Structures are given as C-alpha cells and as structure tokens.
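Notes to accompany the following structure.
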Amino acid sequence: MNRIKGRTALITGATAGIGKACAQAFAAMEVNLILLARREERLDALKRELERAHGIFVLTKVFDVRSFAAALELAAELEADGRVPDILLNNAGKALGMSKLHEGDVEDWEEMIDTNIKGLLYMTRAILPMMVARNSGHVINIGSIAGHQVYPSGNVYNATKFAVRALTEGMNVDLAGTKVRISSVDPGLVETEFSEVRFRGDTERAATVYEGYTPLRGEDVAEAVVFVANRPEHVDILDLVILPTDQRSAHVLHKA
C-alpha cells in the first residue's frame, strides 16, 4: 500500500549515493520532492529525470546544510509557498580521512562535525517546528553502523554518527504527545562516492574498500528509507540497521 503518494519529501545531499537513490525511490512512490545539494548541474539533471519519469513536482536548490541562516530562509520560503515537507530526510554527511585521533586533521574534524551534526540540527530546527504546528510529519536521519560501534581510525566520524543516534533518540522523546515521527536508518558498508570523499578523490584507494565482497548499494538503503516512511501513522520505526550480508558488524567483514 502506498501511504505517501502525493506527499512532499525534502532530501539533503540529494544528488549522489544514498540521497539520489532515495530521491528516485520516493519519486517512484509519486512523492513530490524538494532536493538540496551543492552541485547545480546534478540537481538540474535529477529534476528533469524525475519529473519526466514520474510526473511529480520537484523543487531544487543549491544548498549547504552548514548554514543555519540558509535553513531558516528555506523554511520560511516553503511555508509561504504552502510546501511544508511531510518528510525530512537528513542525508547529507561525510567522512574525511582515516587518521588516528592524535594524528588527525582538525579541519577534517570541523567539516565532519559541521556537516554531520550541525547540518542535521540546523535543518531539523528549521523544518520540525512546522511539522509540530501541523501535528504531522516524519524526520528520517541517515545514521550509520559507525554510530553503534567504533572502529580503528574512525574516531571523529564515529563520534558524529553516535551524535546522530543520540539526537534521533532525543528528538523522538521530545515529540511525545505529537503525531510527528522520528526515525533513523543506519547502513553498514555502501558503495557510493563516500570513500572517494573520505580519501580526497583517491579513486584507487576508494575502490579497495569494496573489493572481495558485495556491499550495499544506495538503492538498498533507499528501499529501507521508503519502507520506514510508508508505515501507518501509528507505527514509528525508531532505528533500522541495514548491513550487507558479508558484513556482520563494524569489525566483521567476510572477504572472499
């Protein structure tokens, strides 16, 4: 049953990897979209693709989640236009580097914290009050197995994803008594541009992350996100962990 047809989903980091796959999956469910990302050409191409294939409304905006002022401005625009999202998918996030903590790059730390934690906070703080006022809506955060188990040289990235998990649980408790739902979808290893970003465009090193086993695809995570969003209004999936079969924890990965 399609319970989300005709609703509107706002997706951050929408032009690659999990974000793009979620945009495509929601579009296939006839969900209208507000897509935010930093690469205008990719946004334009995705908008054309989804509108042509599914006949939905797609609004795109070049956007950096690290700006709270931009988040507030966007929220005001959406409210004025009558386009308050029914679903907020906080997907934008990144990992940078694989250094031990005592050897880490502070600029990398700040970029991860600003994107993974502050960006999620800024978008949620801007959009969530409108959902509460309407007494309906669903915030879905893209977390990670890295928010459940630390791994060597993950340190600050792990910390940001532990923060996402805590914020998900915190806002869920804060919304008791409302009909607004809060969820987190926490994937393990997914083959996207994630590792290329982590290794600063070193495609050869990034490719080795996915050798010898079958990782998740963005589409696998998107199916889980849509499943969570499409539950009846009295059902809230707080946390869904999704791993490739070859991965059993942050530490246990079977490679052939």
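Filtered by the rule that a residue be under 13 Å from the mean Cα position of the chain (by Cα) and in a loop (DSSP other than H, G, I, E, B), segment 119-146 gives G143, S144. In segment 104-124, the residues that are among the aromatic types (F, W, Y) and modelled with pLDDT of 95 or more form Cβ pairs under 8 Å with partners that are part of a helix (DSSP H, G or I) and buried (at least 21 other Cβ atoms within 10 Å of the Cβ), at six or more places apart or across chains, as follows: W109/V156; Y122/A71.
Every residue, every condition in (1) in contact with an Asp or Glu (Cβ under 7 Å, 6 or more places away or on another chain); (2) hydrophobic (A, V, I, L, M, F, W, C); (3) in contact (Cβ under 8 Å) with a residue 40 or more places away in the chain, yes or no:
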residue	(1), (2), (3)
N135	no, no, yes
A163	no, yes, yes
G170	no, no, no
V173	no, yes, no
A176	no, yes, no
E204	no, no, no
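Looking across segment 103-118, the residues that are more than 16 Å from F194 (Cβ to Cβ) and part of a helix (DSSP H, G or I) come down to E103, V106, E107, W109, E110, I113, D114, I117, K118.
At least 1 residues being over 18 Å from V221 (Cα atoms), hydrophobic (A, V, I, L, M, F, W, C) and in contact with a strand residue (DSSP E or B) (Cβ under 8 Å, 6 or more places away or on another chain) is the threshold, and among the strands (runs of 3 or more DSSP E) wholly inside segment 3-78 those reaching it are 32-37, 58-62. A residue that is modelled with pLDDT of 95 or more and part of a helix (DSSP H, G or I) occurs somewhere in segment 80-93.
So in segment 207-235, with the set limited to residues that are touching a Lys or Arg at 6+ places or on another chain (Cβ under 6 Å) and without any contact (Cβ under 8 Å) to a residue 60 or more places away in the chain, which one is farthest from M1 (Cα to Cα)?
Step one: list which residues in segment 207-235 are touching a Lys or Arg at 6+ places or on another chain (Cβ under 6 Å), which gives 212-213, 230.
Now restrict to residues that are without any contact (Cβ under 8 Å) to a residue 60 or more places away in the chain: 212-213.
Numbers: G212: 37, Y213: 34 Å.
Taking the candidates together, the pick is G212.
Per-residue answers, yes or no, for (1) surrounded by 17 or more Cβ atoms within 10 Å (Cβ to Cβ); (2) closer than 23 Å to K179 by Cβ:
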{"site": "L74", "(1), (2)": "yes, no"}
{"site": "E79", "(1), (2)": "no, yes"}
{"site": "K100", "(1), (2)": "no, no"}
{"site": "R125", "(1), (2)": "no, yes"}
{"site": "R134", "(1), (2)": "no, yes"}
{"site": "H148", "(1), (2)": "yes, no"}
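Identify all residues within segment 234-251 that are of a type in the set (V, I, T), farther than 16 Å from G212 by Cβ and out of contact with any Leu (no Cβ under 8 Å at 6 or more places or on another chain); write none if there are none. If the condition is that a residue be of a type in the set (V, I, T), farther than 16 Å from G212 by Cβ and out of contact with any Leu (no Cβ under 8 Å at 6 or more places or on another chain), then V235, I237, V241 are the ones that fit. Elements of the type helices (runs of 4 or more DSSP H) sitting completely within segment 154-225 and holding at least 3 residues that are of a type outside the set (G, A, S) and surrounded by fewer than 16 Cβ atoms within 10 Å (Cβ to Cβ): these cover 155-174, 203-208.
The values are calculated or read from the model by the stated rules, or taken from the named source; none is laboratory data. Since this is a predicted model, take the numbers as computed values, not measurements. Quick reminder, even Gly has a Cβ in these numbers, built from the backbone with ideal geometry, and neighbours come from all protein chains shown.
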